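The values are calculated or read from the model by the stated rules, or taken from the named source; none is laboratory data. The structure presented is a predicted model; accordingly, all values stated were derived computationally and were not measured. Here Cβ is always computed from backbone atoms with ideal geometry, including for glycine, and neighbour counts include all displayed protein chains. Keep in mind that these areas ignore ligands, DNA and RNA; they rest on the heavy atoms of the full protein, side chains included. Shrake-Rupley method; radii C 1.70, N 1.55, O 1.52, S 1.80 Å.
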Amino acid sequence: MKAGGFTLVELLVASVIGSVTVLGAYVLLAQASEVGERLGETSRDRAAARLVAQEFALAVESSLLAGSTPQIIGSTEHSASSSTVTLTSVVSGHLARNPADPSNASTRMQRLTWSSGSGGHVRLRTRLLAGVTDITTPRGSRGLSEQRQWDSAADRVIAEGVDRVSVNYLDLGTGSAQWRTSLDRAAGRVLARVTVRVGSQVVERSASSRITSPLIEETP
């Protein structure tokens, strides 16, 4: 019999029960934290995929004709080490009244580029327009190649860690029903299918160009 206290066996049993309870609570908290992290990562991946898909879709939907400047140019290139998707378009806005003062211009050429070999970065480069004139490329650089001029344009990363981007085009102006991964020059309305994958999240968007008549006419 015990005299006003606990026996050693009772203390050991209570200690074991307490330890099991604490361990169980720790496991539950750890699992809840892990689930929360996975949900947070999934949410971030989906948000990034939606952002990128939206940017590519808007580049098609907002595209316009500016003189002889191609409305949409799209390309997909594959190499042994990487894949690259590029979409160049002239997007709508208002024109700069004075080429010497581009501050009020929002009509611009923009180039979206995704490359699997650059950490899955999606980059946006922009060149402002006044009429059909590029007013952001330095005058001393006008003789550079088109690619070099784009390399010197304003550049920002809009997403990182994007695992896959694909854009397929259907040029309705040609009467062809064939979807292509490249587009040299739009002859009329263009349909585009955009697919973006970030982690396990895949987002698809469809878009079509809306402006089919030239916004700016070139003078002879």
Qualifying positions in segment 147-194 - in a strand (DSSP E or B) and among the basic types (Lys, Arg): 156, 164, 180, 193
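Can you name the residue in segment 1-58 that is surrounded by 10 or more Cβ atoms within 10 Å (Cβ to Cβ) and in a loop (DSSP other than H, G, I, E, B) and is also modelled with the lowest pLDDT among such residues?
My answer is 6.
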For segment 88-113, give me each residue that is open to solvent by less than 10 Å² (accessible area, probe 1.4 Å) and at pLDDT 90 or above. 112
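Of all residues being among the small types (Gly, Ala, Ser) and either open to solvent by 10 Å² or more (accessible area, probe 1.4 Å) or at pLDDT below 80 (or both) in segment 68-87, which is nearest to residue 190 (Cα to Cα)? Just the residue, please.
So in segment 68-87, the residues among the small types (Gly, Ala, Ser) come out as 68, 74-75, 79-83.
Among the residues that remain, those that are also either open to solvent by 10 Å² or more (accessible area, probe 1.4 Å) or at pLDDT below 80 (or both) are: 68, 75, 79-83.
Working: 68: 17, 75: 14, 79: 27, 80: 30, 81: 31, 82: 27, 83: 23 Å.
Selected residue: 75.
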If you go through segment 174-201, how many residues are modelled with pLDDT of 90 or more, open to solvent by less than 70 Å² (accessible area, probe 1.4 Å) and over 18 Å from residue 58 (Cα atoms)? 3
Restricting segment 139-173 to residues that are of a type in the set (Gly, Ala, Ser) and at pLDDT 85 or above, the one surrounded by the most Cβ atoms within 10 Å (Cβ to Cβ) turns out to be 159
